[in-house]
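In what follows, a structure is listed as structure tokens, so that the remarks can point back to it.
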Amino acid sequence: MAEQRPGNDDTPIIPGTNYKVHDSQRPRPRVVEPPEPSTQESPGRPPSDAVVLFDGKDLSNWAGKNGPAEWKVENGYMEVVPGTGNIESRSHFGDCQLHVEWAAPEKVEGDSQKRGNSGVFLMGQYEIQVLDTYDNPTYADGGAGAIYGQCPPLVNACRRPGEWQTYDIIWIAPRFEGDKVLSPARVTVIHNGVLLHHDKELIGPTTHKTVKPYTAHPVTGPLMLQDHGDLVRFRNIWYRDLPKYDES
Ligand code: MG
């Protein structure tokens, strides 16, 4: 006998689904324990179904160009060690919800692109720029949260240097058939709770002073963090694979 469940069974079918309006038999969402928000003093806790890439303890989930990642870990964060190169997550993933926290050096040195520069590279090749753009003019498509070299953020929501900042990113990987692009990558970026991009299409991988078309690649890739020579810090990095709607 069917379980007595709240809802209705004498309502119309919702177009495009096999479910009735308020269908009592429609599977209910699974429970996720929500994240504990971070504060300036301490990183929060990821949601219960997140894959944690960095929990503040070590870089075991990361690789450097010649083996282990060589960035510094202390006080619950990692910090770029200039000259050791970019680091990549050992996990490869595609469509996702990604959370990254970063802080530019408190001591202000340099200007434009030479102040707190790093980057969050989805799939190792599509950069959401990390830069201290608090009172630091630079070219529009190179500021904090820019799709670097392609699209400026809608607004500049940068916190002061030294303060922890959050990126929450919804990433849809590009799809290929052979060498053909079936659908470009799309990204939504929220910086410190403020929307910077909404479902914005990328024209191709990130490059510098030029444009580059897509090159076909798998549907998953690593997260890469950039060594641009500045002492940028990161903490509380996690992602969730994008759940699918159940409309069967
Ligand atoms: Mg950068």
How many residues are crowded, with 18+ Cβ neighbours inside 10 Å, in a loop (DSSP other than H, G, I, E, B) and out of contact with any Asp or Glu (no Cβ under 6 Å at 6 or more places or on another chain) when one looks only at region 196-213? 3
Somewhere in region 167-182, is a residue surrounded by fewer than 21 Cβ atoms within 10 Å (Cβ to Cβ), in contact (Cβ under 8 Å) with a residue 24 or more places away in the chain and in contact with an Asp or Glu (Cβ under 6 Å, 6 or more places away or on another chain)? yes
Checked Glu127, Glu177 against criteria (modelled with pLDDT of 95 or more and more than 10 Å from the ligand (Cβ to nearest atom)); the one match is Glu177
Identity of the residue in region 158-174, more than 21 Å from Glu41 (Cβ to Cβ) and not β-branched (Val, Ile, Thr), that ends up nearest to the ligand (Cβ to nearest atom): Trp171
Being within 12 Å of the ligand (Cβ to nearest atom) and of a type outside the set (Gly, Ala, Ser) narrows Val120, Val81 down to just Val120
Please enumerate the residues belonging to region 99-110 that are part of a loop (DSSP other than H, G, I, E, B), in contact with a Pro (Cβ under 8 Å, 6 or more places away or on another chain) and away from the ligand (no atom under 15 Å from the Cβ). Glu106, Lys107, Val108
Any residue at all in region 87-98 that's within 13 Å of the ligand (Cβ to nearest atom) and crowded, with 21+ Cβ neighbours inside 10 Å? no
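When you go through Pro184, Pro222 one by one, which is the residue that is away from the ligand (no atom under 16 Å from the Cβ) and more than 13 Å from the chain's Cα centre (by Cα)?
Checking each option against the conditions leaves just Pro184.
Residues checked against (1) closer than 24 Å to Asp230 by Cβ; (2) in contact with a strand residue (DSSP E or B) (Cβ under 6 Å, 6 or more places away or on another chain); (3) assigned to a strand (DSSP E or B):
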position	(1), (2), (3)
Arg26	no, no, no
Glu33	no, no, no
Ser42	yes, no, no
Val52	no, yes, yes
Ala63	yes, yes, yes
Glu70	yes, yes, no
Val73	yes, no, yes
Count of region 111-143 residues which are assigned to a loop (DSSP other than H, G, I, E, B) and either among the acidic types (Asp, Glu) or in contact (Cβ under 8 Å) with a residue 60 or more places away in the chain (or both): 9
For the condition away from the ligand (no atom under 12 Å from the Cβ), out of contact with any Asp or Glu (no Cβ under 9 Å at 6 or more places or on another chain), farther than 29 Å from Ser91 by Cα and aromatic (Phe, Trp, Tyr), what is the one hit in Tyr134, Tyr139? Tyr139
Restricting to region 214-241, count the residues that are part of a loop (DSSP other than H, G, I, E, B) and surrounded by 14 or more Cβ atoms within 10 Å (Cβ to Cβ). 9
Could you list, in sequence order, all residues of region 144-185 that are charged (D, E, K, R) and either assigned to a strand (DSSP E or B) or closer than 22 Å to Pro243 by Cβ (or both)? Asp168, Arg175, Glu177, Lys180
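The values are calculated or read from the model by the stated rules, or taken from the named source; none is laboratory data. On a predicted model such as this, the values are computed, not experimentally measured, just so you know. Glycine also receives a Cβ, built like all others from the backbone with ideal geometry; neighbour counts cover every protein chain displayed.
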